[in-house]
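Below is one structure, written out as structure tokens; the observations come after it.
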Amino acid sequence: MGSAIIAVCECGYTAESAIGGGMATFKEICYFPAYCEVCLELVEANLLAKPVECPVCMGTQVIPYDNLKLIGEIGEEEIESWNMEEDLGRELVLTDGTYFCPSCEEFKLRFKPGMLCWD
Ligand SMILES: [Zn+2]
Ligand SMILES: [Zn+2]
């Protein structure tokens with residue numbers, strides 16, 4: 001099962017991303033929001049790709065949003081988590097804390113659960 005999340009910032013920036021993958025593709029695809037240092041955008045990256053690429057510029061300067069570089073404050077509540085211990089050696093977690101906003105470049109971005117679900 002995968003799900004969608006929405007990123008919203010005070011400055012008016014919004015972005016959407018999927019998290020996880022479908023059952024059939026589960027060993028090859030695990031989507032997670034990431035920041036592309038070339039596009040300066042929040043993109044949906046497949047963290048199981050080697051190397052991890054930006055879907056827009058195909059560059060590899062992408063940082064997953066569970067990286068401390070992109071986290072302002074870790075929230076108390078988990079918005080979404082995806083267990084990737086086996087493949088990536090860690091659990092991917094997004095909290096209700098604050099994250100780096102690609103638009104205003106301040107740590108004011110917040111994630112909210114989206115509607116879309118698939119399996
Ligand atoms: Zn890019
Ligand atoms: Zn912003």
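How many residues are of a type in the set (A, V, I, L, M, F, W, C) and either open to solvent by 50 Å² or more (accessible area, probe 1.4 Å) or within 16 Å of ligand 1 (Cβ to nearest atom) (or both) when one looks only at segment 95-106?
Step one: filter segment 95-106 for residues of a type in the set (A, V, I, L, M, F, W, C), giving 100-101, 104.
With the extra rule that they be either open to solvent by 50 Å² or more (accessible area, probe 1.4 Å) or within 16 Å of ligand 1 (Cβ to nearest atom) (or both), the set shrinks to 100.
Total meeting the criteria: 1.
Checking GLY114 against (1) surrounded by fewer than 13 Cβ atoms within 10 Å (Cβ to Cβ); (2) touching a residue at least 24 places away in the same chain (Cβ under 8 Å), only one condition comes out false. Which one?
Evaluating GLY114 over (1) surrounded by fewer than 13 Cβ atoms within 10 Å (Cβ to Cβ); (2) touching a residue at least 24 places away in the same chain (Cβ under 8 Å) leaves (1) as the failure.
Here are some residues: LEU109, LEU40, LEU88, LEU92. Which one is away from ligand 1 (no atom under 16 Å from the Cβ) and open to solvent by 20 Å² or more (accessible area, probe 1.4 Å)? Let's see the steps before the verdict.
Values: LEU109 fails: open to solvent by 20 Å² or more (accessible area, probe 1.4 Å); LEU40 fails: away from ligand 1 (no atom under 16 Å from the Cβ); LEU92 fails: open to solvent by 20 Å² or more (accessible area, probe 1.4 Å).
Unique residue meeting the criteria: LEU88.
Considering segment 59-79 alone, what residues qualify as being farther than 16 Å from ALA45 by Cα and either open to solvent by 40 Å² or more (accessible area, probe 1.4 Å) or aliphatic (A, V, I, L, M) (or both)?
Of all residues in segment 59-79, those farther than 16 Å from ALA45 by Cα come to 68-69, 71-79.
Once the filter is applied, which keeps residues that are farther than 16 Å from ALA45 by Cα and either open to solvent by 40 Å² or more (accessible area, probe 1.4 Å) or aliphatic (A, V, I, L, M) (or both), segment 59-79 yields LEU68, LYS69, ILE71, GLY72, GLU73, ILE74, GLU76, GLU77, GLU78, ILE79.
The values are calculated or read from the model by the stated rules, or taken from the named source; none is laboratory data. Just so you know, these numbers come straight off a predicted model, no measurement behind them. Don't worry about glycine lacking a Cβ; one is built from the backbone with ideal geometry, like all the others, and counts go over all protein chains shown. Side chains are part of the model used for accessible areas, which takes the heavy atoms of the whole protein and leaves out ligands, DNA and RNA. Shrake-Rupley method; radii C 1.70, N 1.55, O 1.52, S 1.80 Å.
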